[in-house]
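Just so it is clear, none of the values below were taken in a lab; they were calculated from the coordinates. This one's a predicted model, so the numbers in the text were calculated from it and none came from an experiment. With ideal geometry, Cβ positions are generated from the backbone for all residues, glycine too; neighbour counts draw on all protein chains shown.
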Amino acid sequence: MFIIITGLLLGGTYALIAMGLNLQYGVARIMNLANGEILVAGGLAAFWVYTAGQVSPILALFLVAPVAFAVNWLLYRIMLEPLVLRAKSRGALEVDSILATFGLSFIMIGIALMIYGGGYFNYSYLSTRVQIFDSSFALNRVVAFALAALIALALWLWLSFTRPGMTLRAVAVSPENARLVGIDVRRVSALAFALGGAITAMGGALISMFVTLDASTDGVIFTMKALIIVIMGGVGDIRGTVIAALLLGIAETAVGALISPGLTLAAAYVLFLLVLLFRPQGLFGRTTL
């Protein structure tokens, strides 16, 4: 039971991290390799707000989210939209976006190192223990999971039952057909990319409550895990992202507790390879015709 609950708590925060990338890739068609750096930036922003002003990292979400939204919207309009306009096919756009965002990740690492230095960053917030069944867990992990679940639920409801959300889903299914019914695909893609960046940054702010962050290396690890979750769950499907994230969290926790903590990343890749072999379109993804 301890392994399952710990895995679910970890997977909940993974889901929030991957949902942002799923929006960016599933709707805007941008494979964002700087996704992890955006997450680390959100975490470092929460760290700075808490240590400098003693403001709760939970309240910092209301600062991190709009700033991240604005920054990602500008990044899309200035750097990525020209790539979209010149791309002759989806494959060409994916290659260009991978190269562009790979370079962007190094720029963001450099800026973070210039501002924060090369050290590790952590702080103590809600580090008391709470009892769940017969085991105790850190309160900050439980709170982060609860907030991640609320954000995921709000996003799913918005995508499923509001007109702007259904517009995003239409673009994710077929940008060409969306244009035929009068949808401004360029505007919707910019919105999806910005919203995805805001969600990722909020995930970084939440995990900063219990994870020690490093501006230079952590972003790559989080990007890889987000990619694994998105592909496992199915591109463009929020349900698949959440379920894949929970499975990954449980798998990593089980391997770390029963075998060796050093094999947690290997467990993630084994699970990823199994999905590629037996369900290449993802758990809830659509089969490409």
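Exposed loop sites were defined as trypsin sites (Lys or Arg not before Pro) in DSSP loop states (anything but H, G, I, E or B) carrying at most 12 other C-beta atoms within 10 Å; in the chain the longest segment without such a site runs 89-285.
Using only the alpha-carbon atoms, how far is helix 264-278 inclined from the longest principal axis of the chain? Give it as 0 to 90 degrees, nearest 10. It is inclined by approximately 40 degrees.
Axis angle, to the nearest 10 degrees, between helix 238-258 and the longest C-alpha principal axis of the chain: 30 degrees.
Every Cα-Cα pair in the range 1-88 was counted, and those over 17 Å apart are 60% of them. With each label modelled as a point 7 angstrom along the Cα→C-beta vector, the Leu263-Tyr120 pair spans 2.4 nm. In the elastic network of the chain, a GNM with C-alpha springs shorter than 10 Å, the most mobile of Gly26, Gly118, Gly236 is Gly118. Three principal axis extents describe the C-alpha atoms of the chain; from largest down they are 56, 44, 34 Å. Segment Leu99..Glu176, full-extension length gain: 25.3 nm, with 0.36 nm per residue of separation and the alpha-carbon distance subtracted.
Once the Cα-Cα distance is subtracted from the 0.36 nm per residue extended length, the Leu273 to Ser136 segment shows a gain of 46.0 nm. You can think of it this way: the chain between Thr162 and Ala254 has 29.3 nm of extra reach, that is 0.36 nm per residue less the Cα-Cα gap.
For Ile132, the amide hydrogen comes within under 5 Å of the amide hydrogens of Phe137, counting only partners 5 or more places away or on other chains and with H modelled in the peptide plane. Annotation: the residues Met79, Met232, Met31, Met1, sorted from fewest to most other C-beta atoms within 10 Å of their own C-beta, follow the order Met1, Met79, Met31, Met232. Between helix 90-116 and the chain there is an angle of about 40 degrees, using the helix long axis and the longest principal axis of the Cα atoms. Shape class for the range 84-188, computed from the alpha carbon gyration tensor (a ≥ b ≥ c): oblate, with a/c not under 1.5 and a/b at or below b/c.
Basic side chains Lys and Arg get +1 at the Cβ, acidic Asp and Glu get -1 at the Cβ, and with that the dipole of the range 149-254 about its Cα centre reaches some 420 debye. A simple charge model with +1 on the Cβ of Lys and Arg, -1 on the Cβ of Asp and Glu and nothing else charged puts the dipole of the range 2-278 at about 600 debye relative to its Cα centre. Please report how far the C-alpha centroid of the range 177-207 lies from that of the range 54-118, rounded to the nearest whole angstrom. Going from one Cα centre to the other spans 12 Å.
Selection among Thr128, Pro175, Gly103 by position relative to the dipole of the chain gives Pro175 as farthest towards the positive end (Cβ unit charges, Cα centre).
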